[in-house]
Amino acid sequence: MMTVVALQALPAAAADLRIEVTGLRNANGTVYAAVCREDEFLSPACAYHGSAPATGGVVTVTGVPPGTYAVQVIHDENDNQTLDRPGFLPTEGMGFSRDAPMRFGPPQWRDASFALEDPGATVRLSMRYFQ
C-alpha cells in the first residue's frame, strides 16, 4: 500500500514536444520555437524553447512537463535571432499552436493554448507570412 501511495505522489515526467511547422516559404535560416505558459505568452522569455534549421521544419523542445501551453514560432530567414519587422507587419514568418487566428494583432491565449498530457506529443502548425 505504501508503494502505491508513493508512486501517486510522483510528479508526471517532463517530455519532448515535437513541433512540426508547415508552410515555410524557403529553407533559409532557422525556425525558433517557444513553449509558453499563459503568463509568458507573446513574450520572448518562455520557459521552454528550441530551434532547428528551416530545412526540416521540425523543432524539438525538451523537458516540457505536463500542463497548459501555447507554442509560438518564427522563421528567422536571415539568422539575426529576431523577428524582423521594419513597420507594423513582420517580414519573416510566424505561427502559433492550433493555428490561432491573428486578427489585427497577435492571437489570444485561449485560441493558441492546448493541454500537454502525453509524453512525446506532437504539435502541428502553419507558418504565416505577411509580406
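So here's what we get for this one:
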quantity	calculated
Arg85 versus Ala14: modelled label distance in nm, points set 7 Å from Cα along the beta carbon direction	2.9 nm
Helix-only mean residue ellipticity at 222 nm for the chain, each DSSP H run of n ≥ 4 adding -39500 (n - 2.57), per residue, nearest 500	-2000 deg cm²/dmol
Burial ranking of peptide ranges 66-79, 104-117, 25-38 (average Cβ count within 10 Å, highest at the top)	66-79, 25-38, 104-117
Relative contact order (%) - criterion: Cα under 8 Å, at least six apart; region: the chain	30 percent
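A short reminder: the numbers here are calculations on the coordinates, not readings from a lab. All of these numbers come straight from a predicted model, not from anything done at the bench. Every residue, glycine as well, gets a Cβ built from its backbone with ideal geometry; the counts of neighbours run over all protein chains shown.
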